[in-house]
Amino acid sequence: MSQPQPFDESTVRSRLVLPRNPLAMLVSPLGWRAVLYCATSILIGLLAILSGVLGLFVLPLVTWATANAERYRLGLLGLPRLTPLPRSGVRHPWDSRGFGEGNLAVWGITVLFGLVDLVPGLVLSVLVVGTGTSLFQVLRRWPPGIEVVYTAAALVVVLTIGLYVAWALAAAQAILVDLQLRPHSELSRRVDELTESRRELVDVFAGERRRIERDLHDGAQQHLVLLSLHLGEADYALGEGRTDDARRALDAAQASVESAMTTLRETVRGIHPQVLADRGLAAAVRESAARQPLPVQVEVTGDRQPPEPVALAAFYLVSEAFTNATKHARCTSLSVRISLADPLEVEVYDDGVGGAHIVPGHGLSGLRERAQALGGDCWLSSPPGGPTRLRAVLPNPQTR
């Protein structure tokens, strides 16, 4: 359920590392991927020049299309594909927004390397074809002489040099393109995630409002209805002069009031427990664990108290895990581990039947979105047969 981590510049460079043995370059996928990347660079570069010259007024659309092509071409080198630019970002072919988000710079890089790759590509292609043809002609003679070894060695050297040249050109272009486009791609990806998170949080909050309404209707309202009935009985009994019946009706009314107060207190505790604000996250979790019908072991390490939004997110996660475990997991025990450090780590474990999963718009989904909105994340591991482990990591910086 975790989101994929974004690739940084060091990750991109690490995927372009060459094998130490030059001869290994002949069988390395990276070398032949670089050849394919350079070949397509020449093609796309020439098309970019032609399109830019012939369609000067539609150059914004050309730069936008070129940048999108470069985003996909990074996959030829085994690099992560960047998020494509939305077509709605360019309303018409001459929309100047097509130059934005690094598109114009990428168009220039594509044109430059298309021309740069062309010269060594043609030279090396001629050398490889010529050396390969010579080797084929030498092999046709029988018996072959020592020139076979020389020609084969020459072909290996030319291929190795060609693969290294292709790698150098492809790596240089890929790194430059990545530096231009990845920040915008990561920003676009983050915006998409936040938009989806906001949509799911709205659904979760609507579900919470319905839950509170249901709790009030099924809990406090029923006790208040009974209170009204008991007060009516007391009034009728007093009118008839039956003081003992009136006293019993008033006692029942008092019990209804106390039950209504208890129900309201439980509802409010589920919204924002007072002990969380008064005594902190560890005390709130221990109090919640003491109310569970199953034995719960709580382990707390560290002493860095989180800010209120982080503490609320952690408490809601533990509460949701308790609810799911007691209702669905058929477990016999629960354990909670909290590390009050930076980052704050919360883990809830049960020995139930497993099989839990995230359902969009429901409790765990909303908690995951809340954690991600705070800069953290959470993970659920619940294979069929159990056990179930829910873990969350939240930022917990030192507050002054």
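Computed from the coordinates by the stated procedures, all read-outs in this text should not be read as laboratory data. Just so you know, these numbers come straight off a predicted model, no measurement behind them. Every residue, glycine as well, gets a Cβ built from its backbone with ideal geometry; the counts of neighbours run over all protein chains shown.
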Inset, instruction - Quote the FRET efficiency, to the nearest 0.05, computed for Gln137 versus Tyr72 with a Förster distance R0 of 41 Å and r equal to the Cβ-Cβ distance. - result: 0.50
Inset, instruction - Starting from the Cα gyration tensor of region 275-394, take the square roots of the eigenvalues, sort them a ≥ b ≥ c, and report rounded, prolate or oblate (rounded when a/c is under 1.5, otherwise prolate if a/b is larger than b/c, else oblate). - result: oblate
Inset, instruction - Calculate the spin-label point distance for Arg330 paired with Ala24, positioning each point 7 Å from the Cα along the beta-carbon direction, and give it in nanometres. - result: 5.3
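Give the relative contact order (percent, whole number) for region 275-394; include only Cα pairs under 8 Å separated by 6+ residues.
24
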Inset, instruction - Just flag the trypsin sites (Lys or Arg not before Pro) in region 322-353 sitting in loop per DSSP whose Cβ has no more than 13 other Cβ atoms within 10 Å. - result: Arg330
Inset, instruction - Order these peptides, 298-306, 108-116, by their mean beta-carbon neighbour count within 10 angstrom, highest first. - result: 108-116, 298-306
Inset, instruction - Give a quick list of GluC sites (Glu not before Pro) in region 303-400 that DSSP marks as loop, anything other than H, G, I, E or B, with at most 15 other Cβ atoms within 10 Å. - result: none
Legend entry - Length added when fully stretched, Glu308-Asp235, from 0.36 nm per residue minus Cα-Cα: 21.4 nm
Inset, instruction - Sort the following peptides by mean Cβ neighbour count (other Cβ atoms within 10 Å, averaged over residues), highest first: 20-28, 388-396. - result: 388-396, 20-28
Inset, instruction - Could you check the simple spin-label distance between Ile358 and Val123, using points 7 Å along Cα→Cβ, in nm with one decimal? - result: 5.3
